[in-house]
Each structure stands twice: as C-alpha cells, then as structure tokens.
1. Which parts of region B:71-85, residue by residue, lose 40 Å² or more of accessible area when the rest of the protein chains are there, as against the chain isolated (1.4 Å probe)?
2. Would you kindly find the accessible area of B:SER180, with a 1.4 Å probe and non-protein molecules such as ligands, DNA and RNA excluded, rounding to the nearest 10 Å²?
3. Distance from the Cα centre of region A:67-131 to that of region B:59-119, in angstrom?
4. Give, as ranges by residue number, the residues of region A:90-116 whose backbone N falls under 19 Å from the point 7 Å along Cα→Cβ of A:ARG62.
5. With every protein chain left in place and a probe of 1.4 Å, what is the accessible surface of A:LYS114, to the nearest 10 Å²?
6. Which order do you get for B:ASP79, B:ASP234, A:ASP39 if you rank them by accessible area with a 1.4 Å probe, largest at the top?
7. Provide the FRET efficiency to the nearest 0.05 for the A:LEU40-B:ALA280 pair, computing r from the beta carbons and using R0 = 35 Å.
8. In whole Å, what three semi-axes, largest first, describe the equivalent ellipsoid of region A:28-121 built from its Cα gyration tensor (square root of 5 times each eigenvalue)?
Amino acid sequence: MYVILNNLTIIANIDSMNFSTSISPKIIENIEKQYAKSDLPSLSIGDTVKVYLLIKEGNKERVQVNQGVIIAKNNSQLTSTITVRSNLQGVGVERVYLVHSPLIKNIEVLRRSKVRRAKLYYLRGLSGKATRLKQRFN
Amino acid sequence: MALATLWRLTARGPVQNGLAPRLGQRGVSKWAFVGRIQDATQPPPPGMTVLPNELYPYTRQTRRCGVLGRKAGMMSMIDEATGYHFGVTVVLVERCHVLMHIDHRAQNTTKRWNMQIGAGFRRPHLTKKPLRFHCAKAGVETKEKLIEFTVSDDALVPVGTRIGAEHFVVGQKVDVLGTSKGKGFQGVVKRWGFSGQPATHGSKTHRAPGSIGSFGRKGKVAKGTKMAGRMGGDSIGVFGLKIVRVDPKKSVLFIKGCIPGPNGGWVRITDSAKNYKILAATGGPYPPVPTCLEPVEDRYGSMYDDMTVDPPAEDEIALGHTQVISGADAEDFSNCHHEVAFGAEAEDMRSRRMEYIVYDNGQMDSAAQEKNDLKFQSQTDDII
C-alpha cells in the first residue's frame, strides 16, 4: 500500500524489521562513553594508591592528595567506585571515590599487592604490622 | 450542513451562531462530534498556518504543546561545579509531528485550540487505512501514537512541523505523565502499605488487611476501602522535574529524577506550571514559543552513531537483491512491504542498511499519473 502525493519520492522497503528504533541498553552505554574517562590506570584490590582530588573553596581550587589501600572495587561503567582505606594519625579512614568523576584529577598506583580476596574488609579489624600486604611485581 | 439547520429548529428557539448545541437536545444526536465546527466570525490565529520569524515572549498565560517520548533508561551524572552526583532519566523524543488543530473553543472552559501530535513510527501495512491517510494528509509517516495538547493562541504550530528535543530548554521544569509498571494482583501490604500482623507470638495471620469497618458505619463496608487487587498500570504524573541536558541531534532529553513506566514505555512531557515564576526570578533561558524555530535535523531518534549505513553497491543491484524501478513500471507492489517516506525522510531512508526499492515519482509520465490519480481518487475523497 502506498500513497502518492505531488512530487514526493516513495521508497518501498522489503525488510522493514530494522526500521523502527528499539530501546535497548546500548543507548545508555553509548551515552555513558561520552562521560567516561579513557586514561585511567588499571586498578585492582590491594593497590596502594594516591588519589588527587580537586577541592573548590569559593573561587579558589586546590588539589588534595589522599593515599591508601584499595579494599573494594565496584564496576558499573560510569558509576564505578573504589574504596580507599588509610590510617590518619591513628584513625582508620575509608573513602569511596567515583572513579569517572571530573573532580578526580589523577589516580596514581604506587604498589601492587598479592591478595586472595575480592574485598579486604578484614583489614578493619587489624592494625599495625598485621595490615601489611605482600607486594606483587607483575 | 444538516446539523447546522437542525440547530435552528430546536424547541427552545433559535440557537446563536457560534454556540454549540447541547448534545441530546431535540434534533441533535448525542454522538454528534461538534468539536470541529468553527466559528466563522473569528479568523484562525496566525500561528496555525505559518511559523513566526521571531519567538513570541513567554508569558504567564502561555501554554505550549508538549511532546511524546520513550523512556530509554537511567544513568547518573556528576555536576562538575559541586561534585554532586544524581540520577538522570534518558528520554527519546521519537518523531513528533503536528497532525491536526482541533477547535475546542466552544467546548472547554479555557476556550483554546488543541493540537494533535503524532509520535513514533508504525509500519504502514500494519496501520489501518483511516490513520494512514490522516498522517498522509499532514505529510508525515504513519504514526503509532496520537495525543492532544491544549495550547494557547501564541503557541500554535502549523500542521506537519516537527517538534524535537530542542522544544525544551536546559534548566526548565517539566511534568511527565506515564503508565506505571504493572504489578499484577497484589496484597494489601504492598499495594497500600499496610503493616500486617506480627510474625510470631501466637499470631496466625501475617499480611492480611485486618479490620475493614466497624458497626458504627451503617453495618456495611464503605466504598473505596483499601483492599487487595490489581496494582500498577495506571497513568501516573511526576511534576516539576528539571531538564539537565538536551541533545537535539539525537532528539534526547536528560531529565533529573525518576519517571513512571518501564524502559521503552511512552511518556508525555509538558512544561511545568512552575516555570514562569522560577525563570522570571533567575532570568534564565525561557522555552521557545511556539517552538524552536531552527529545527535540527536528526535521525529521527536514532541513537546509534556507529550505525553508519552505505547505499547498496552496484554489484548488489545487479544480483537482484535491490531493484531500481522508475516511471510507470512500478505498479505491482504486491510482493513487498511498503514504507512511505516524504522529503527529507526519504533521503534518510536511502542511507540505512536495508534492501529497498526506489520509486521516483518525479519522472512519471502523464498517462501513468492519470491512472494513479484515478486509482486513489475514491480513497482521497473520504478524508476531505
């Protein structure tokens, strides 16, 4: 069935199955790629890491450095997070960072460790020499 | 015409021109569709035939048309200034065109025009003929959904105009109406939030409604008592959502917050009533009235940037996978599915990765043109 109006081109499709736009998860994936960072280092559990955070106080901007061990990692494309644990003046501090956030200027990996766990929550109950992790060189 | 004469013969005396008769009055059928009859003394507003050269001012009385979109999913965005992290719904504004102006000035209390907007795409061989010709009369492809918006006179848009994502502006607020997800037959705890009964300590019931009335209430159960039943599948409105980003090329809106319905569901997006006050205070960019005058050509809501399509090569044509038919030969279309494309849409369809037959109407000779006109004359008469 076709309709002809004045001087208009008519195109007949044999395969019309590909014509309609279907809503698929690829749409969101393609959009998230615009916001995702491509220059991130590979981060794994047990890495000792320096996170360079941008802090804005009014008009001034400064970069704050936090160093610690990655004890947890959550992979979910744009909202991927890492939990970094450090010991500040005898107090254990954990902080969760959104890895693709524009406020994180840089992540530097200092040391990799050999761990046999996906999450290192057991470090919360340990202190001092017991929290040492064996280094990995590959 | 018969209806107009009947108006004057009612028992209550002559009816003035411009006033619609009461349906069910003597001589007037209850099912008469009176909405289309126009008042001849007032000319139609200028926005109906032609778009203005400049945008009209956005006033408190302005009421623009909305848009039909499809919910594509949710993602998160991070505000660069503050590091604030929030969720955002992605809505695909899928092929919205103005199909019709409906005069409801005699009917509704606001005395305004309604604009009918068609959205989506439905394969023509699956669409019923009245809808096919209704869309063809407006010069657009067959639509899947039709909705009406009540619109003020300065926000009227001529028939056939495309309304895309650029109709909305970053920072404005919108109201979103959608059909919520169906949950099926649900009990009283999930459906109404009742707390149920204790799990232990000798209790025999756990998720029952408990009492449904008292003797003092006339000894019967009041209408509207909350009970178990079908939950979901209702038209739900979420109001005052902010637009965070507009992508006109891919016809996508990023709306902050959650929207009813599943992914792929249709949602109706309109300007929020709160807009004027908020935008007047901030002096922020006002939404364009009647609509954005510089429309951006998009791939009709196609999100796949990497899906670049080449037209078929000459080898493919020779093999018979695609045929090029021109002139009066292309009369037998019985073996094919047919899509109808007009103007720019035709160019767009050529570039997609599909087998197709091209029929160029411009080269038709007069004999074939007459034959075609005769073929469709009886059908076109019906819609006029």
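The values are calculated or read from the model by the stated rules, or taken from the named source; none is laboratory data. Note that the coordinates shown come from a computational prediction; the quantities given were computed from them, not determined experimentally. Ideal geometry is used to build each Cβ from the backbone, glycine not excepted, and the neighbour counts take in all protein chains shown. SASA here: full protein model, heavy atoms, side chains in, ligands and nucleic acids out. Shrake-Rupley method; radii C 1.70, N 1.55, O 1.52, S 1.80 Å.
1. Correct list: B:ALA72, B:MET75, B:SER76, B:ILE78, B:GLU80.
2. Accessible area of B:SER180: about 30 Å².
3. Taking the Cα centre of region B:59-119 as reference, the centre of region A:67-131 is 44 Å away.
4. Those under the cut-off are A:103-106.
5. About 120 Å², rounded to the nearest 10.
6. A:ASP39, B:ASP234, B:ASP79
7. Calculated transfer efficiency: 0.20.
8. Output for region A:28-121: semi-axes of 22, 20, 11 Å.
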